[in-house]
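The values are calculated or read from the model by the stated rules, or taken from the named source; none is laboratory data. Note that the coordinates shown come from a computational prediction; the quantities given were computed from them, not determined experimentally. Virtual Cβ from ideal backbone geometry, glycine too; neighbours counted across all protein chains shown. Heavy atoms of the whole protein, side chains included, go into the accessibility calculation; ligands, DNA and RNA do not. Shrake-Rupley method; radii C 1.70, N 1.55, O 1.52, S 1.80 Å.
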Amino acid sequence: MIQGLYGCSDLHIRRKFPQYYRDPAKDNPADLINVALEELIRAQCELPGYTTLDELTKKIRTEVNRGFFTLVASRVDAAARARLARLLVVDPVTRRSEYDGLKSVAQAASLGKFKGRLAFLRDLDALGHTEVWVEGVPAGKVAHFAGEARVTDVADLRKVLDEDKRLTLIVSLLHTVRTGVRDDVVTMFCKRMAAIHKKGRDQLEPLREIHRAESERLL
């Protein structure tokens with residue numbers, strides 16, 4: 001219990017932590033501890049030891065994450081859950097899953113692979129509207145959950161007994177990949193259009209010269 005000279009308790013910090021924790025800029029535990037110290041000093045409370053603050057930070061971090069897990073999972077219906085579950089099915093021949101494929105698309109594709117990238121985006125979109133599922137979750141938290149999912153293989157992910165957490169990790173990774181692939185498609189489309197316009201301009205100039213010469217001959 002944090003008890004200071006002015007009757008402050010850990011409840012004071014507990015009430016303050018969640019609002020800071022939902023700020024992507026305050027996602028790091030060290031930042032949370034700094035926030036706690038600032039609040040204690042502002043409230044003229046006696047400063048507790050680091051261990052006390054560290055334990056409180058971990059506890060509230062777990063509580064807040066639990067809220068995010070519950071929020072995301074409540075938005076994913078049974079049909080979508082079934083589609084996401086199929087991502088974890090390992091092919092007995094290749095020993096790979098579709099989930100592994102999500103983690104191997106970080107590199108940008110070339111213009112020659114535009115159609116393949118577009119098809120991949122359609123497949124991702126068919127899995128569900130991830131932007132709806134993660135609505136209200138700070139971008140920093142989505143990135144954190146996606147990062148955790150990216151370094152977790154299928155076998156370890158199946159060991160996550162908390163279904164809401166497992167689902168949120170998958171959804172966060174899927175959302176991050178969809179966003180990245182969509183950006184790739186837009187970038188490749190713009191480059192393709194720029195190349196077409198340049199080619200058109202290059203071909204137009206000789207035609208202008210031919211018509212100019214023909215016009216001068218007729219005159």
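Considering Phe114, Phe189, which residue is among the aromatic types (Phe, Trp, Tyr) and open to solvent by 70 Å² or more (accessible area, probe 1.4 Å)? Spell out how you get there, then give the answer.
Working: Phe114 fails: open to solvent by 70 Å² or more (accessible area, probe 1.4 Å).
The conditions single out Phe189.
Would you mind finding the one in Thr51, Thr62 that is in a helix (DSSP H, G or I), of a type in the set (S, T, N, Q), within 20 Å of Leu169 (Cβ to Cβ) and at pLDDT below 90? Write out each step before concluding.
On the way: Thr51 fails: within 20 Å of Leu169 (Cβ to Cβ).
None of the other options fit; the residue is Thr62.
Between a residue in segment 76-93 that is at negative phi and any residue that is charged (D, E, K, R) and exposed (fewer than 15 other Cβ atoms within 10 Å of the Cβ), which pairs come within a Cβ distance under 7 Å, given they are 6 or more apart or on different chains?
Leu88/Arg158; Val90/Arg96
Taking the options Val76, Val90, name whichever one is modelled with pLDDT of 80 or more, of a type in the set (Val, Ile, Thr) and open to solvent by 60 Å² or more (accessible area, probe 1.4 Å).
Numbers: Val76 fails: open to solvent by 60 Å² or more (accessible area, probe 1.4 Å).
Step by step, each of Val76, Val90 is checked, and only Val90 is modelled with pLDDT of 80 or more, of a type in the set (Val, Ile, Thr) and open to solvent by 60 Å² or more (accessible area, probe 1.4 Å).
What do you reckon, is Ile196 assigned to a helix (DSSP H, G or I), without any contact (Cβ under 8 Å) to a residue 12 or more places away in the chain, β-branched (Val, Ile, Thr) and at negative phi? Quick ask: steps written out before the conclusion?
On the way: assigned to a helix (DSSP H, G or I): yes; without any contact (Cβ under 8 Å) to a residue 12 or more places away in the chain: yes; β-branched (Val, Ile, Thr): yes; at negative phi: yes.
Answer is yes for this residue.
Could you list all residues from segment 36-64 that are out of contact with any Asp or Glu (no Cβ under 9 Å at 6 or more places or on another chain), in contact (Cβ under 8 Å) with a residue 24 or more places away in the chain, surrounded by fewer than 17 Cβ atoms within 10 Å (Cβ to Cβ) and polar (S, T, N, Q)?
Answer for segment 36-64, where residues must be out of contact with any Asp or Glu (no Cβ under 9 Å at 6 or more places or on another chain), in contact (Cβ under 8 Å) with a residue 24 or more places away in the chain, surrounded by fewer than 17 Cβ atoms within 10 Å (Cβ to Cβ) and polar (S, T, N, Q): just Gln44.
So, in segment 99-111, of the ones that are of a type in the set (A, V, I, L, M, F, W, C), within 16 Å of the chain's Cα centre (by Cα) and open to solvent by less than 70 Å² (accessible area, probe 1.4 Å), which residue ends up modelled with the lowest pLDDT? Don't jump to the end; show me each part of the working.
Going through segment 99-111, the residues of a type in the set (A, V, I, L, M, F, W, C) turn out to be 102, 105-106, 108-109, 111.
Subsequent filtering for residues that are within 16 Å of the chain's Cα centre (by Cα) retains 102, 105-106.
Filter once more, keeping what is open to solvent by less than 70 Å² (accessible area, probe 1.4 Å): 102, 105.
Numbers: Leu102: 87, Val105: 62.
Taking the candidates together, the pick is Val105.
Output the residues belonging to segment 136-173 that are without any contact (Cβ under 8 Å) to a residue 12 or more places away in the chain and more than 14 Å from Leu102 (Cα to Cα).
Answer for segment 136-173, where residues must be without any contact (Cβ under 8 Å) to a residue 12 or more places away in the chain and more than 14 Å from Leu102 (Cα to Cα): Ala155, Asp156, Lys159, Val160, Leu161, Arg166.
Looking only at segment 138-154, how many residues end up being open to solvent by 20 Å² or more (accessible area, probe 1.4 Å) and aliphatic (A, V, I, L, M)?
Residues that pass the stated criteria total 3.
Please work out if Arg122 is loosely packed, with under 12 Cβ neighbours inside 10 Å, among the charged types (D, E, K, R) and closer than 13 Å to Val181 by Cβ.
On the way: loosely packed, with under 12 Cβ neighbours inside 10 Å: yes; among the charged types (D, E, K, R): yes; closer than 13 Å to Val181 by Cβ: yes.
In short, yes.
Which one of these is buried (at least 21 other Cβ atoms within 10 Å of the Cβ) and more than 9 Å from the chain's Cα centre (by Cα): Leu169, Leu157?
Working: Leu157 fails: buried (at least 21 other Cβ atoms within 10 Å of the Cβ).
Step by step, each of Leu169, Leu157 is checked, and only Leu169 is buried (at least 21 other Cβ atoms within 10 Å of the Cβ) and more than 9 Å from the chain's Cα centre (by Cα).
Scanning for something more than 22 Å from Asn65 (Cα to Cα) and free of Cβ contacts under 8 Å to residues at least 40 places away in the same chain, does segment 120-127 turn up at least one residue? Talk me through it step by step, then tell me what you get.
So the first thing to find is which residues in segment 120-127 are more than 22 Å from Asn65 (Cα to Cα), and the list is 120-127.
Narrowing the set further to residues that are free of Cβ contacts under 8 Å to residues at least 40 places away in the same chain leaves 122-123.
Scanning segment 120-127 turns up at least one residue that is more than 22 Å from Asn65 (Cα to Cα) and free of Cβ contacts under 8 Å to residues at least 40 places away in the same chain.
Quick check: is even one residue across segment 126-134 among the hydrophobic types (A, V, I, L, M, F, W, C) and either within 17 Å of Lys103 (Cβ to Cβ) or within 10 Å of the chain's Cα centre (by Cα) (or both)? Outline the logic, then answer.
Keep residues of segment 126-134 that are among the hydrophobic types (A, V, I, L, M, F, W, C), which gives 126-127, 132-134.
When the remaining residues are screened for being either within 17 Å of Lys103 (Cβ to Cβ) or within 10 Å of the chain's Cα centre (by Cα) (or both), the result is 127, 134.
Looking for residues that are among the hydrophobic types (A, V, I, L, M, F, W, C) and either within 17 Å of Lys103 (Cβ to Cβ) or within 10 Å of the chain's Cα centre (by Cα) (or both), one finds at least one in segment 126-134, hence yes.
Can we say Arg96 is at negative phi, within 21 Å of the chain's Cα centre (by Cα) and not small (Gly, Ala, Ser)? Full working, then the answer.
Details: at negative phi: yes; within 21 Å of the chain's Cα centre (by Cα): no; not small (Gly, Ala, Ser): yes.
Taking the combined requirement at face value, the residue does not satisfy it.
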